[in-house]
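S.K.: Quick one: this structure, given as structure tokens, is what I'll be asking you about.
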Amino acid sequence: MSIAIHDLVKTYGKFTAVDGVSLDVKPGEIHGFLLGPNGAGKTTTLRMIAGLLKPTAGRIEVNGHDVAKEPEAAKASLGFIPDRPYIYEKLTAGEFLRFHGGLFGLDGTGIGPRVKEMLELFELGRWENELVESFSHGMKQRLVMSAAFLHRPQAVVVDEPMVGLDPRGARLIKDVFRKMSQRGVGILMSTHTLEVAQEMCDRISIILKGKIIARGTVADIRAMGDSGDDHLTSVFLKLTGGSALQEIDEIV
Amino acid sequence: MVPAQGKPFPYLLLPSLLASRNRARRRERGDLTRGLMFGAIGVVVVWALFQGS
């Protein structure tokens with residue numbers, strides 16, 4: 001398995017953010033992690049997989065490496081793309097990628113061509129020597145993605161990849177993710193956008209209040225809706241709708 | 001033996017060094033004023049430290 005999570009729990013005081021989540025992502029699979037209302041436990045789960053948060057209970061394996069017992073090996077084989085791109089603004093795109101590659105042990109001779117290759121792949125080639133502070137949000141997002149794929153990880157965790165991207169950027173990212181999955185990279189992708197999940201994901205897990213409430217292929221999830229609607233939206237609302245409607249009531 | 005998380009990792013200073021170099025290469029309006037102001041503050045601080053010692 002690229003990513004395997006067993007009975008993952010995370011509590012903050014009395015609040016349980018993640019409550020016994022188990023899931024697996026196979027090599028070459030794009031697994032969608034769909035959300036209920038905010039606070040469903042998505043970012044907490046993804047951060048625990050990336051080794052940024054310590055689980056209260058449960059076990060996480062990345063490419064067969066236990067994140068708690070072999071954190072360096074697990075992180076070396078994982079690419080993590082957060083929802084907001086935090087980058088050194090005063091570095092150029094090339095400097096940022098070379099620095100990032102250095103963290104993963106890519107040496108001076110091999111790193112140059114690889115940096116160029118990734119910048120070209122994400123259509124940032126002509127911006128290699130420009131400071132990141134001059135980049136748009138979408139360009140920063142693409143730069144973070146190129147950094148995540150730089151060290152050729154076999155598993156990638158992506159938090160809301162399409163936020164802030166224009167249609168062309170979104171298309172590019174979808175194509176890159178598909179290409180990477182064809183090369184055997186397992187991708188766990190959180191998204192609010194059902195169309196993205198529908199178009200890209202091999203399997204989907206829906207999380208609500210820290211628990212997985214539904215899982216399966218797009219066809220499996222559609223079948224849960226029993227409304228005859230071909231779209232995922234109605235199923236998603238059926239599964240998470242109580243809370244969503246309650247939220248609307250509270251706001252109105 | 002120093003525990004893994006306690007080991008110094010000076011590589012992480014690299015972005016700060018590169019950023020300083022990039023900043024110095026790209027002059028912006030007001031650099032001279034800022035330089036003079038912070039330079040003067042530095043001189044005052046050093047002077048105060050020596051007076052107190």
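The values are calculated or read from the model by the stated rules, or taken from the named source; none is laboratory data. Note that the structure is predicted; figures quoted are calculated from it, not measured. Virtual Cβ from ideal backbone geometry, glycine too; neighbours counted across all protein chains shown.
S.K.: For the subset of segment B:21-53 comprising residues that are at pLDDT 90 or above and closer than 25 Å to A:F99 by Cα, which member is surrounded by the fewest Cβ atoms within 10 Å (Cβ to Cβ)?
M.R.: Among residues in segment B:21-53 that are at pLDDT 90 or above and closer than 25 Å to A:F99 by Cα, the one surrounded by the fewest Cβ atoms within 10 Å (Cβ to Cβ) is B:R21.
S.K.: Looking at A:F122, A:F135, which is the one that is crowded, with 19+ Cβ neighbours inside 10 Å and over 26 Å from A:F33 (Cβ atoms)?
M.R.: Numbers: A:F122 fails: over 26 Å from A:F33 (Cβ atoms).
The conditions single out A:F135.
S.K.: Output the residues belonging to segment A:159-168 that are surrounded by fewer than 24 Cβ atoms within 10 Å (Cβ to Cβ) and under 27 Å from A:E61 (Cβ atoms). Spell out how you get there, then give the answer.
M.R.: First pass over segment A:159-168, keeping only residues surrounded by fewer than 24 Cβ atoms within 10 Å (Cβ to Cβ): A:159-160, A:162-168.
Matches in segment A:159-168: A:D159, A:E160.
S.K.: Next question. Output the number of the condition that A:R47 fails; it satisfies all remaining conditions of (1) closer than 24 Å to A:C201 by Cβ; (2) within 14 Å of another protein chain (Cβ to nearest Cβ); (3) not acidic (D, E).
M.R.: Condition not satisfied by A:R47: (2).
S.K.: Being within 13 Å of the chain's Cα centre (by Cα) and assigned to a strand (DSSP E or B) is the filter here, so list the residues in segment A:151-203 that pass it.
M.R.: Once the filter is applied, which keeps residues that are within 13 Å of the chain's Cα centre (by Cα) and assigned to a strand (DSSP E or B), segment A:151-203 yields A:A155, A:V156, A:V157, A:V158, A:D159, A:G186, A:I187, A:L188, A:M189, A:S190, A:T191.
S.K.: Please find, among A:F96, A:F33, the residue that is within 14 Å of chain B (Cβ to nearest Cβ) and not small (G, A, S). Spell out the reasoning first.
M.R.: Values: A:F33 fails: within 14 Å of chain B (Cβ to nearest Cβ).
Criteria check complete, one pass: A:F96.
S.K.: Criterion first (within 14 Å of another protein chain (Cβ to nearest Cβ), of a type in the set (A, V, I, L, M, F, W, C), more than 23 Å from A:R171 (Cα to Cα) and buried (at least 19 other Cβ atoms within 10 Å of the Cβ)) does A:L103 satisfy it? Outline the logic, then answer.
M.R.: On the way: within 14 Å of another protein chain (Cβ to nearest Cβ): yes; of a type in the set (A, V, I, L, M, F, W, C): yes; more than 23 Å from A:R171 (Cα to Cα): yes; buried (at least 19 other Cβ atoms within 10 Å of the Cβ): no.
Judged against the criteria, A:L103 is not a match.
S.K.: Let me ask something else. Would you mind telling me which numbered condition in (1) more than 14 Å from chain B (Cβ to nearest Cβ); (2) farther than 29 Å from A:K10 by Cβ A:I60 fails?
M.R.: Against the list (1) more than 14 Å from chain B (Cβ to nearest Cβ); (2) farther than 29 Å from A:K10 by Cβ, A:I60 comes up short only on (2).
S.K.: I've got another one for you. Among the listed residues A:E61, A:E95, identify the single one that is free of Cβ contacts under 8 Å to residues at least 12 places away in the same chain, buried (at least 19 other Cβ atoms within 10 Å of the Cβ) and not hydroxyl-bearing (S, T, Y). Talk me through it step by step, then tell me what you get.
M.R.: Details: A:E61 fails: free of Cβ contacts under 8 Å to residues at least 12 places away in the same chain.
Result: A:E95 is the single residue among A:E61, A:E95 that is free of Cβ contacts under 8 Å to residues at least 12 places away in the same chain, buried (at least 19 other Cβ atoms within 10 Å of the Cβ) and not hydroxyl-bearing (S, T, Y).
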